[in-house]
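Values in this text are rule-based calculations from the coordinates and carry no lab data. In this text the structure is predicted, and so the values were computed from the model without any measurement.
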Amino acid sequence: MDQEPLVTIQAVLADPDVSPELVHRHVVMLQNLLEYVTTSCDTSTSTTSSTTQQETDDAETVKLATYKAQFKLLVPTMETLVVSTPVEIKPIAQACLALINQF
């Protein structure tokens, strides 16, 4: 996530001339990223007394908040995909939109 894949994903998904296969690949990649961030949020709630661990947890919290904000920028694109993509892509696009809306 440090390489900002969401910029690339957004560009591909927002382009109406992209092939359905490429859209499908990017939507699946987005779903994997969303699941990763969701899982990271669930596991980052552990409690420890170490100062170093607390600093690490704080840095992770900031990263996750940044990722969530970036994902929120994808909402309009995902809403468009849900209504305008081929049938085989719609369920994945809907799942991605649902995950984004959980943030």
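Below is a table of values for the structure above.
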quantity: Segment 46-103-segment 2-37 distance, computed between alpha-carbon centres (Å); calculated: 13
quantity: The chain - percent relative contact order, Cα under 8 Å, separation 6 or more; calculated: 34
quantity: Tilt relative to the chain, helix 20-43 - C-alpha long axis, 0 to 90 degrees, to 10; calculated: 20
quantity: J(HN,Hα) series, segment 87-99, from Karplus relation 6.51 cos²θ - 1.76 cosθ + 1.60, nearest Hz, glycine and proline x; calculated: 3, 6, 9, 3, x, 5, 4, 5, 5, 5, 4, 5, 5
quantity: Sum of -39500 (n - 2.57) over DSSP H runs of 4+, divided by residues of the chain (222 nm, nearest 500); calculated: -25500 deg cm²/dmol
quantity: Karplus 3J(HN,Hα) series, Hz, for segment 63-77 with 6.51 cos²θ - 1.76 cosθ + 1.60 (x for Gly, Pro); calculated: 4, 5, 5, 5, 4, 4, 5, 5, 4, 4, 5, 7, 4, x, 5
quantity: With eigenvalues of the C-alpha gyration tensor scaled by 5 and rooted, the chain, Å; calculated: 31, 13, 10
quantity: The chain: angle of helix 5-14 to the longest principal axis, Cα-based, in degrees nearest 10; calculated: 20
